[in-house]
Amino acid sequence: MATLLCIETATTNCSVALSVNGSVIAFQEDTSKEYSHAERLHVFIEEVLAKANLTKQDLDGIAVSKGPGSYTGLRIGVSAAKGLCYALDIPLISIPTLQSLMLQLKGVEGCVVSMLDARRMEVYAAVFSSEGKELRETRAEILTEHSFSEYLEKGKVHFIGSGTDKFEEICTHKNAVFVKEKFPSAQTMAILAEAKHKKSDIEDVAYFEPYYLKDFMGTKL
């Protein structure tokens, strides 16, 4: 039975969950539109541990959302997770952000497209069955009215994540279902983290890097 800390900072949402044997026992989240990771993350870590009456030394591992997502958000979450794993000498577990996101809709009719905004009409997206099996790998892609047509023609497709608003503006297919205001959350990381921990599917703390998918594009001064 593992006690795992789950960290999610891939989007504007900042959340931390503490799980035991795959079940969340404490949770803190900031769903504001502003990036608050630097201010909130370590506070949330302390708060979930306090809620469970545990300390960092009780942890068996730390799971972090690995991306794709916000470059800065991912850096903050991964840096915090790596620092704690190194200091505590415990395993680091990486969780695909889009897979964790789709679990909020597990069991729905049809399939699920997890979709994160990536500027203009571009998104990071992956396609999953309603049971969580990956049907199409994560890609960075430009949206058109014909995007995901091969899945829409077969049945219901549920779109979730910060990229859904821009796709809803151009997609009129009757099988498209748009789930609003949903973001990756540490709560849905727990079951994936537990499964990886059991298999010792862990990362090298020294060399692990977030899955950016695209190179960082800074603002020119």
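The values are calculated or read from the model by the stated rules, or taken from the named source; none is laboratory data. Everything quoted here is computed from the prediction, not taken from an experiment. Because the Cβ atoms are built from the backbone with ideal geometry, glycine has one as well, and the counts that use them run over all protein chains shown.
Condition test on Ser114, is it free of Cβ contacts under 8 Å to residues at least 40 places away in the same chain and touching a helix residue (DSSP H, G or I) at 6+ places or on another chain (Cβ under 9 Å)?
Working: free of Cβ contacts under 8 Å to residues at least 40 places away in the same chain: no; touching a helix residue (DSSP H, G or I) at 6+ places or on another chain (Cβ under 9 Å): yes.
The answer is no for Ser114.
For residues that are at pLDDT 95 or above, out of contact with any Asp or Glu (no Cβ under 9 Å at 6 or more places or on another chain), surrounded by fewer than 22 Cβ atoms within 10 Å (Cβ to Cβ) and among the aliphatic types (A, V, I, L, M), tally how many sit in segment 115-153.
Of the residues in that region, 2 qualify.
Do the conditions hold for Gly67, that is, is it on the phi > 0 side of the Ramachandran plot, in contact with a Leu (Cβ under 7 Å, 6 or more places away or on another chain) and surrounded by 14 or more Cβ atoms within 10 Å (Cβ to Cβ)?
Details: on the phi > 0 side of the Ramachandran plot: yes; in contact with a Leu (Cβ under 7 Å, 6 or more places away or on another chain): yes; surrounded by 14 or more Cβ atoms within 10 Å (Cβ to Cβ): yes.
So Gly67 fits the description; yes.
Mind telling me which of the residues Lys156, Lys180, Lys214, Lys198 ends up being within 26 Å of Gly22 (Cα to Cα) and surrounded by fewer than 19 Cβ atoms within 10 Å (Cβ to Cβ)? Reasoning before the result, please.
Values: Lys156 fails: within 26 Å of Gly22 (Cα to Cα); Lys180 fails: within 26 Å of Gly22 (Cα to Cα); Lys214 fails: within 26 Å of Gly22 (Cα to Cα).
Answer to the check: Lys198.
Report the residue count in segment 15-60 for those that are buried (at least 23 other Cβ atoms within 10 Å of the Cβ) and modelled with pLDDT under 95.
1
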